[in-house]
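Below is one structure, written out as structure tokens, with a few remarks after it.
The values are calculated or read from the model by the stated rules, or taken from the named source; none is laboratory data. Quick caveat, the model's predicted, so the values are computed rather than measured. We place every Cβ from the backbone using ideal geometry, glycine too, and count neighbours over all the protein chains shown. Accessible surface areas use protein heavy atoms only, side chains included; no ligands, DNA or RNA. Shrake-Rupley method; radii C 1.70, N 1.55, O 1.52, S 1.80 Å.
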Amino acid sequence: MADQKLVPLNTKLLSPSAKKAFDFLTQEVVGQDMSIMAITDALEIFNSPLRNPSHPIFVGLFLGPSGVGKTLTAEKLAQFLFEDPHAFTKINCSELSESHEVARLKGSPPGYIGFVDSQSPDQQKSPYPILSQWNINKHHHEHLRKIHKDEIRAFTIRTGALKIDDVEIDAIMEKRLAEVKKAKQVEKQIRILTARRGKKNRSDKSAKLKELQRKLADHIKEINRLSQVLIKRSEQLRDTGKKLQADLAIAKQKGWFYNFEEPPTELLSIILFDEVEKAHPALFGHLLEIMDKGKFQLGDGSITSFQNSFIILTGNVGRNDVADLLAGEGHMGFNQSKPHDVVDLNDDIYKIVVERMKETFPPEFIGRLDKVVVFRPLTYETVSKILDILIRDLHTELVRYKSALVINLEKPVKDFLIDKAMERNEFGARMLKSRLKKYIKNKLVRLLNTGQLKVGDVVVVKMETTNGKQKPAFYKEESAQPGLIKSR
């Protein structure tokens with residue numbers, strides 16, 4: 001038997017949906033491709049026949065230095081899924097340092113202070129229990145309501161039409177009932193008339209009887225007509241009502257109409273446990289239940305499903321050790337010029353963080369995680385890309401508040417901002433945001449408020465030396481006269 005020809009397969013090829021997620025997230029979360037790949041792999045499994053229906057989509061522990069994108073990853077995942085970077089449930093674990101504070105996640109049992117029925121529509125107005133189905137579903141639900149606003153409006157119109165039809169059917173029934181009463185009155189008159197004896201006024205009696213019989217026939221005819229109309233309208237109303245109920249059931253299943261009695265099964269959710277190492281150990285018992293079964297029982301006995309959830313846990317274990325390492329001789333954090341130095345530094349950080357992780361978290365918790373990602377320190381190149389993103393976001397913010405400007409930062413200005421941020425590299429990108437706000441954003445606000453800039457102006461920011469100090473200087477392009485005019 002001849003050997004079969006083997007065709008090589010590409011295991012690195014992403015599906016279109018996973019590639020779309022990967023491309024979006026890597027553009028927004030710079031320099032942390034490992035965390036993005038972990039989420040992308042989880043999406044691939046979720047969208048395949050091999051997914052585990054009794055396990056969350058993803059349970060990952062994100063560790064590493066502060067300000068390098070751990071929380072940002074959750075925000076950008078929410079933006080990708082729900083078009084809103086705040087559309088996720090954030091649990092600040094520093095507020096769960098006591099066991100009774102951890103109990104807020106599941107709520108009080110019936111009869112105890114603080115009990116809220118998680119299946120009640122009033123639950124929308126209450127943040128407790130934090131891990132109720134509504135609280136984790138509401139972000140995707142609200143996203144779908146925006147997408148399906150036209151269908152929701154159509155549902156409202158159709159429901160209103162049903163109510164109008166109901167009123168019209170009631171009016172027809174009242175008319176028919178009135179005709180029946182009139183017919184009975186005529187029948188009574190006919191019985192009285194035919195019961196009279198004697199030959200007097202026989203012709204008058206006969207004429208009156210014919211008139212009553214004609215009236216009775218008209219009433220019966222109208223009763224039959226109204227009965228047919230009533231049957232037809234009732235059938236139409238029943239069919240329309242059935243169609244509306246069927247469409248409503250599909251809408252509830254898909255989540256853009258929320259069903260508190262039977263919560264939707266197709267809604268996705270993101271839950272972020274921030275600084276998880278600061279929580280009381282009781283939290284890990286709850287997390288083990290969620291990770292094992294994909295479900296969690298609340299205080300009122302109801303069950304919250306996490307089968308369609310991304311669960312991201314962030315931690316700062318080993319932060320001081322990493323800061324010491326970055327500040328140590330030969331490890332200046334961002335300023336790694338040699339590739340092998342960066343690799344060595346990343347390896348050292350990984351070893352330190354993993355060692356501290358094993359000392360901090362229970363082994364049964366670590367063993368159930370889908371992925372542990374140690375975020376890397378930001379390199380100069382990475383910070384430069386983040387600065388470009390922050391400038392893009394500043395443009396977007398100005399447009400949103402109807403103050404659109406074109407802002408051009410020359411390279412020396414960008415280098416200045418990056419160098420200022422690197423002075424405190426333990427804060428990561430947060431220091432870059434702070435420096436951009438101090439040296440650029442605040443100055444733009446002042447120029448706008450004083451009328452030196454107006455909507456549509458082109459602003460050029462250059463480095464200049466004043467009193468022996470280098471600092472950014474602002475200019476605007478003057479359309480009527482070539483060149484740059486300084487805005488003081």
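Annotations
- Given (1) at pLDDT 90 or above; (2) under 23 Å from residue 385 (Cα atoms), number of the condition residue 10 does not satisfy: (2)
- Only one of the numbered conditions (1) modelled with pLDDT under 90; (2) touching an Asp or Glu at 6+ places or on another chain (Cβ under 8 Å) is not met by residue 4, and that is (2).
- Flag if residue 119 is at pLDDT below 95 and open to solvent by less than 30 Å² (accessible area, probe 1.4 Å): no
- Residue satisfying condition, being within 20 Å of residue 231 (Cβ to Cβ) and not hydrophobic (A, V, I, L, M, F, W, C), within set 176, 158, 153: 176
- Members of the stretch 392-421 that are open to solvent by 40 Å² or more (accessible area, probe 1.4 Å), closer than 17 Å to residue 437 by Cβ and not in a helix (DSSP H, G or I): 401
- Annotation: residue 91 fulfils all but one of (1) assigned to a strand (DSSP E or B); (2) within 23 Å of residue 33 (Cα to Cα); (3) open to solvent by less than 50 Å² (accessible area, probe 1.4 Å); the unmet one is (2).
- For the stretch 10-44, the set of residues classified as small (Gly, Ala, Ser) and open to solvent by 30 Å² or more (accessible area, probe 1.4 Å) consists of 15, 17, 31, listed by residue number.
- Qualifying residues in the stretch 264-278 (those that are outside any helix (DSSP H, G or I) and touching a Gly at 6+ places or on another chain (Cβ under 8 Å)) - the one farthest from residue 309 (Cα to Cα): 275
Yes/no matrix, rows are residues, columns are (1) under 30 Å from residue 165 (Cβ atoms); (2) at pLDDT 90 or above; (3) touching a His at 6+ places or on another chain (Cβ under 8 Å):
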site	(1), (2), (3)
224	yes, yes, no
227	yes, yes, no
231	yes, yes, no
239	yes, yes, no
258	yes, yes, yes
273	no, yes, no
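- Annotation: of all residues in the stretch 204-223 being of a type in the set (Lys, Arg) and free of Cβ contacts under 8 Å to residues at least 24 places away in the same chain, the one that is nearest to residue 181 (Cα to Cα) is 221.
- Count of the stretch 284-298 residues which are of a type in the set (Phe, Trp, Tyr) and over 19 Å from residue 98 (Cβ atoms): 1
- Within the stretch 288-304, residues that are under 15 Å from residue 107 (Cβ atoms) sit with their Cβ atoms under 6 Å from residues that are β-branched (Val, Ile, Thr), at 6+ positions apart or across chains, in these pairs: 296/290; 296/304; 297/303.
- In summary, residue 332 fulfils each of the numbered conditions (1) surrounded by 14 or more Cβ atoms within 10 Å (Cβ to Cβ); (2) in contact with a helix residue (DSSP H, G or I) (Cβ under 8 Å, 6 or more places away or on another chain); (3) at pLDDT 70 or above with the single exception of condition (3).
- Residue in the stretch 126-141 that is open to solvent by 40 Å² or more (accessible area, probe 1.4 Å), closer than 30 Å to residue 314 by Cα, of a type in the set (D, E, K, R) and modelled with pLDDT of 90 or more present: yes
- With respect to the stated conditions, residue 204 fails to be under 30 Å from residue 103 (Cα atoms) and of a type in the set (D, E, K, R).
- Scanning the stretch 244-263 for residues that are open to solvent by 70 Å² or more (accessible area, probe 1.4 Å), touching a residue at least 24 places away in the same chain (Cβ under 8 Å) and outside any loop (DSSP other than H, G, I, E, B) turns up just one, 254.
- Some residue of the stretch 185-195 being modelled with pLDDT of 90 or more, under 22 Å from residue 267 (Cα atoms), of a type outside the set (D, E, K, R) and in a helix (DSSP H, G or I): no
- For the stretch 282-294, the criterion of a residue being at positive phi, open to solvent by 10 Å² or more (accessible area, probe 1.4 Å), in contact with a strand residue (DSSP E or B) (Cβ under 9 Å, 6 or more places away or on another chain) and modelled with pLDDT of 90 or more is satisfied by no position.
- Among the residues of the stretch 422-473, those identified as closer than 18 Å to residue 392 by Cβ and part of a strand (DSSP E or B) are 458, 459, 460, 461.
- Residues in the stretch 1-30 that are in a loop (DSSP other than H, G, I, E, B) and in contact with a Phe, Trp or Tyr (Cβ under 9 Å, 6 or more places away or on another chain): 14 only.
- Residue 465 open to solvent by 80 Å² or more (accessible area, probe 1.4 Å), over 30 Å from residue 34 (Cα atoms) and at pLDDT 90 or above: no
- Residue in the stretch 157-164 that is in contact (Cβ under 8 Å) with a residue 24 or more places away in the chain, basic (Lys, Arg), touching a helix residue (DSSP H, G or I) at 6+ places or on another chain (Cβ under 6 Å) and in a helix (DSSP H, G or I) present: yes
- Among the residues here, residue 205 does not qualify as among the basic types (Lys, Arg), part of a helix (DSSP H, G or I) and modelled with pLDDT of 85 or more.
- Pairs where the first residue, in the stretch 69-93, is under 12 Å from residue 143 (Cβ atoms) and the second is of a type in the set (Ser, Thr, Tyr), C-beta under 9 Å, 6+ apart: 88/269
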